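Undergrad: First the structure, then my questions, so here it is.
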Amino acid sequence: MRLVFLGPPGAGKGTQARILSERFGARQISTGDILRDNQERQTDLGHMAESYMQRGDLVPDALIVKMIEAELAECSNFIMDGFPRTVAQAEALDALLKERRLALDAAVLFAANPQTLVARLTSRWTNPRTGRTYNTITDPPRVPGVDDEDGGPLMQRDDDRPETVIRRLEVYDAQTKPLVAFYRATGRLVEVDALQPVDTVTAQILKVAVSAQPQATS
Ligand code: ADP
Ligand code: AMP
């Protein structure tokens, strides 16, 4: 399985990538999670990415592509959530896959409207250790602020504040939306209605993007 999940912040890409990567044994590659982990460990990459992430801007393509090269060196079954975010990143991904004689199965576009996204992001709580997300409105943890699985604290991301969310949505429109045409032009775009409940979105993805896929291992 080789999928990329496209769509604005808050559309549910991480939620679905987590569910499907577990179910199919594919690797979830979330560039946002990798960058946050680098910040936590105070690596050079973490320091270089920090100011962009705080503002809600994209981290420069060269840094991101280098990161993806390292991730892909180790696996050929993946679900990417949060990458690619620019046409240059998508072209770099195609080139990396071509070198390895691999191809994407599909780019799944998560369609949603801005009002829903702002509501979802401002009520999102995350386990920084595993990347698992909750939502205080639609999917709350059993105990507020505590992860159901590891019992540790949940946090709200700095960039989920309303003013940064607005900036991230603008950045999506300006820099990431052109990828819809990029993948449509090569017949790889499929679309799901991201406003549906989590289980329904999973079922849609299975139908349009993975129904023909064998159960793969990473
Ligand atoms: P993304 O990775 O696209 O930024 P997330 O998967 O982190 O988005 O989801 C954003 C928020 O919306 C989280 O709080 C998550 O629990 C919630 N969420 C995800 N999918 C749905 C859905 N289908 N319906 C309602 N809430 C959802
Ligand atoms: P996310 O967790 O996907 O919402 O990403 C959080 C932030 O990390 C974004 O607002 C960007 O600053 C940065 N980021 C994540 N993925 C990418 C990417 N593919 N290209 C550039 N910046 C990224």
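Undergrad: Go through the range 24-36 residue by residue and turn each phi into a ³J(HN,Hα) via Karplus (6.51, -1.76, 1.60, θ = phi - 60°); whole Hz please, and just put x for glycine and proline.
TA: 9, x, 9, 8, 7, 10, 10, 5, x, 5, 5, 5, 5
Undergrad: Please give the FRET efficiency for T130 paired with A70, using the beta carbon to beta carbon distance and R0 = 25 Å, rounded to the nearest 0.05.
TA: Taking R0 as 25 Å, the efficiency between T130 and A70 is 0.75.
Undergrad: Right, next: Report the Cα centroid-to-centroid distance between the range 75-90 and the range 115-145 in angstrom, as an integer.
TA: Between the Cα centres of the range 75-90 and the range 115-145 lies a distance of 24 Å.
Undergrad: Which is the longest part of the chain that has none of the GluC sites (Glu not before Pro) sitting in a DSSP loop with at most 14 other Cβ atoms within 10 Å?
TA: 75-148
Undergrad: Using a cut-off of 19 Å between alpha-carbon atoms, which lysines can reach K13, once sequence neighbours fewer than 8 places away in the same chain are excluded?
TA: Cα-Cα hits under 19 Å: K177, K207.
Undergrad: Could you tell me the calculated FRET efficiency between H47 and L195, based on Cβ-Cβ distance and R0 = 35 angstrom, to the nearest 0.05? Present the calculation step by step, with values, prior to reporting the outcome.
TA: Numbers: r = 37 Å, r/R0 = 1.06.
Using R0 = 35 Å, I get an efficiency of 0.40.
Undergrad: Note down the nm distance, to one decimal, between modelled labels 7 Å out along Cα→Cβ at A203 and at T122.
TA: 3.2
Undergrad: Give me a comma-separated list of calculated 3J(HN,Hα) values for the range 41-55, in order, Karplus coefficients 6.51, -1.76, 1.60 applied at θ = phi - 60°, integers in Hz, x for any Gly or Pro.
TA: 8, 6, 7, 4, 4, x, 5, 5, 7, 3, 5, 4, 5, 4, 7
Undergrad: Which of rounded, prolate or oblate describes the chain when judged by the alpha-carbon gyration tensor and an a/c cut-off of 1.5?
TA: Rounded, because the longest to shortest axis ratio a/c is under 1.5.
Undergrad: Using 0.36 nm per residue, how much length does the chain from E163 to A88 gain when fully extended, once their Cα-Cα distance is taken away?
TA: Taking E163 through A88 to full extension adds about 24.3 nm, to one decimal.
Undergrad: What list of ³J(HN,Hα) values in whole Hz, one per residue of the range 127-139 in order, does the Karplus curve 6.51 cos²θ - 1.76 cosθ + 1.60 (θ = phi - 60°) give from phi, with Gly and Pro shown as x?
TA: Here the 3J(HN,Hα) series is 8, x, 7, 10, x, 5, 10, 10, 9, 5, 9, 9, 8 Hz.
Undergrad: How big is the antiparallel share of DSSP beta bridges in the chain, given as a percent to the nearest 5?
TA: Just about 30 percent of them are antiparallel.
Undergrad: Okay, next question. Can you list the trypsin sites (Lys or Arg not before Pro) in the range 71-120 that are in a DSSP coil and have 11 or fewer other beta carbons within 10 angstrom? It would help to have the intermediate numbers written out before the result.
TA: Numbers: sites: R85, K98, R100, R101, R120; in loops: R85, R100, R101.
Those that pass, being in a loop and sparsely packed, are R100, R101.
Undergrad: Note down the nm distance, to one decimal, between modelled labels 7 Å out along Cα→Cβ at Q175 and at Q39.
TA: Label-label distance for Q175 and Q39, simple model: 1.5 nm.
Undergrad: Using alpha-carbon pairs under 8 Å, 6+ residues apart, how would you state the relative contact order of the chain in percent?
TA: In percent, rounded to a whole number, it is 33.
Undergrad: Between L109 and residues 5 or more places away or on another chain, which pairs have amide H atoms under 5 Å apart, with H built 1.01 Å from N, and which residues are they?
TA: Correct list: L6, V190, E191, V192.
None of the figures in this text is laboratory data; all of them are computed from the coordinates on show. Note that the structure is a prediction, hence the values are computed from the model and not measured. Glycine also receives a Cβ, built like all others from the backbone with ideal geometry; neighbour counts cover every protein chain displayed.
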